1. Determine which single condition Ser239 fails, assuming it passes every other condition in (1) within 16 Å of the ligand (Cβ to nearest atom); (2) over 30 Å from Leu402 (Cα atoms); (3) open to solvent by 60 Å² or more (accessible area, probe 1.4 Å).
2. Consider Glu461 carefully, then state whether it is surrounded by fewer than 23 Cβ atoms within 10 Å (Cβ to Cβ), at pLDDT 95 or above and part of a helix (DSSP H, G or I).
3. Of all the residues that make up the range 132-157, how many are within 19 Å of Glu354 (Cβ to Cβ), touching a helix residue (DSSP H, G or I) at 6+ places or on another chain (Cβ under 6 Å) and part of a helix (DSSP H, G or I)?
4. What are the pairs, 6+ residues apart or on separate chains, where a residue within the range 324-337 that is within 9 Å of Glu183 (Cβ to Cβ) and among the charged types (D, E, K, R) has its Cβ under 7 Å from a residue that is modelled with pLDDT under 95 and part of a loop (DSSP other than H, G, I, E, B)?
5. For a quick check of your reading of the model, give me the residue pairs whose first member lies in the range 28-40 and is assigned to a helix (DSSP H, G or I), whose second is open to solvent by less than 70 Å² (accessible area, probe 1.4 Å) and hydroxyl-bearing (Ser, Thr, Tyr), with beta-carbon atoms closer than 7 Å and at least 6 apart or on different chains.
6. Just give me the residues in the range 319-344 being open to solvent by 100 Å² or more (accessible area, probe 1.4 Å) and farther than 18 Å from Gln135 by Cβ, in sequence order.
7. For the range 110-126, does any single residue satisfy the condition of being of a type in the set (Asp, Glu), modelled with pLDDT of 95 or more, touching a helix residue (DSSP H, G or I) at 6+ places or on another chain (Cβ under 9 Å) and farther than 27 Å from Asn250 by Cβ?
8. Please enumerate the residues belonging to the range 261-285 that are of a type in the set (D, E, K, R) and either within 16 Å of the ligand (Cβ to nearest atom) or open to solvent by less than 10 Å² (accessible area, probe 1.4 Å) (or both).
Amino acid sequence: MEKQYSIKTQSALFSPGTPIPQENLDFLLEEVARRSSHYLTEINNRPTFPTPEALAGLASFDEPMPESPGDPFETLAFLDDIGSPATVTSAGGRYFGFVIGGTLPVTLAANWLAGAWDQNAGLKVASPTAVKLEQVSLSWLLDVLGLPAEAGGGFVTGATMANFSGLAAARHTILQKAGWDVEAQGLFGAPPITVIVGDEVHVSLLKALSLLGFGRERVVRVPVDNQGRMRLNALPNISGPTIVCIQAGNVNTGAFDPAVDICSIAHEAGAWVHVDGAFGLWAAAAPTRSQLAAGFAEADSWATDAHKWLNVPYDCGLVFCRRAEDLRAALTHSKAAYLAESLEEREPMEYTPEMSRRARGIEVWAALRVMGRTGLAELVEQCCQHATRFAEGLSAAGYKILNEVQLNQVLVSFGDSIKTQKVIEAVQRDGTCWCGGTIWQGHTAIRISVSSWATSKTDVERSLEAILRIAANV
Ligand SMILES: *Cc1c(COP(=O)(O)O)cnc(C)c1O
């Protein structure tokens, strides 16, 4: 028998300290599962960006703050009716904007259960389960990403905070070697550190540097080639306390800095090497692409995202550090008696900027356990092949591919910047697929990023057909 909203009783109204009746709890959670499942089933039949009507509907949320408790069922229905149509379909198969992964079904399910658990993953005494699953997934991650097995790590919100955390470890270690305790003394009066970045450095890394007191503009920018790779012969001489930031996967081209040579030069000079590998580091998980990530394992710290290519729900970023102790030294608190931290075992909050946080490791664990090594390799490889198909199809029609398509990124020019911009806008309006735009080294381009498990060959063909049809008519 189909349950109806007739369960909306007085007892369903929120009241602190009064448990919701079992029947209503079951119904609320079944209802959200049914609505979510419906959303995900319908997603590929929707335009990839909300219609003007759906966006206009968001005005319904402009209510005054309610004066008294309401009905959870009514709130859920309202959220779905107004919110769902106004979502961007980044969980679907034809979303190629920015670098946004989908969500593997098992990770969504694990996310729900973890939500029911409501664990604080900061401390072992607050959640043995969350801490255990983080430990297991950290060691699996180091394995599949080809990083040193003894490295330490932390689960953060994204690559921005992962860059921040890795660079905090770098700052700690470099200054400690120079006889300065930066956590205790701050940066005023500290020995200066030279920070070297490639000219196509990601903006989030510069933001992380600014938060750490290094300054966005106080960096040495190394000239790059036409793919955005640091030019080795332009690398300055390294001397004194230095951090070199390299990139695995340029956000536009997908290109990798020459890590083998840079790591060896930097380490020779006593410098720290930090890797921004938000999505590119995952190339290491696919034997067919792992040569691209060669040498990155020689670095000292790494930042990557799980919400991009691993396809877990937002938000999840990861920081790794060759010597776990360096990361811990930079991010640990001064002791507080009430926290009851374990001294022998890994306490997650000592490896991230956050104290309390959600148990991100659970979804990562579920993703890795369900895909296994070969499933993950296939996910990465398949996205790369889809990117290649886009490049071939667009190039066959006479359009210019601006990057070497080795990974999951494709940059396409449709002629001059005005025409290309018009194509980008028309593609976005059409709604078959969604791609963003960029300016790559002075050339306007549409940017296709294939990062979702959900993208099928049919999605690629449909999207290609739409882009070609639109470009021909602009
Ligand atoms: C996406 C991205 C970032 C930032 O990641 P967030 O998860 O959005 O914080 C940093 N670097 C690169 C290369 C990226 O692609």
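1. (1)
2. Working: surrounded by fewer than 23 Cβ atoms within 10 Å (Cβ to Cβ): yes; at pLDDT 95 or above: yes; part of a helix (DSSP H, G or I): yes.
Yes, satisfied.
3. Looking only at that region, the number is 3.
4. The qualifying pairs do not exist here.
5. Tyr39/Ser84
6. In the first step, residues of the range 319-344 are kept if they are open to solvent by 100 Å² or more (accessible area, probe 1.4 Å); the result is 323, 325, 334-335, 337-338, 343-344.
Within the range 319-344, Ser334, Lys335, Ala337, Tyr338 meet the criteria.
7. Here is the first cut: in the range 110-126, the residues of a type in the set (Asp, Glu) are 118.
Okay, now just the ones that are also modelled with pLDDT of 95 or more, so 118.
Applying the additional criterion that residues be touching a helix residue (DSSP H, G or I) at 6+ places or on another chain (Cβ under 9 Å) yields none.
No - not one qualifying residue is present in the range 110-126.
8. Scanning the range 261-285 gives a single hit, Asp276.
The values are calculated or read from the model by the stated rules, or taken from the named source; none is laboratory data. Quick caveat, the model's predicted, so the values are computed rather than measured. Counting neighbours? That spans all protein chains shown, and the Cβs are built from the backbone with ideal geometry, glycine included. SASA here: full protein model, heavy atoms, side chains in, ligands and nucleic acids out. Shrake-Rupley method; radii C 1.70, N 1.55, O 1.52, S 1.80 Å.
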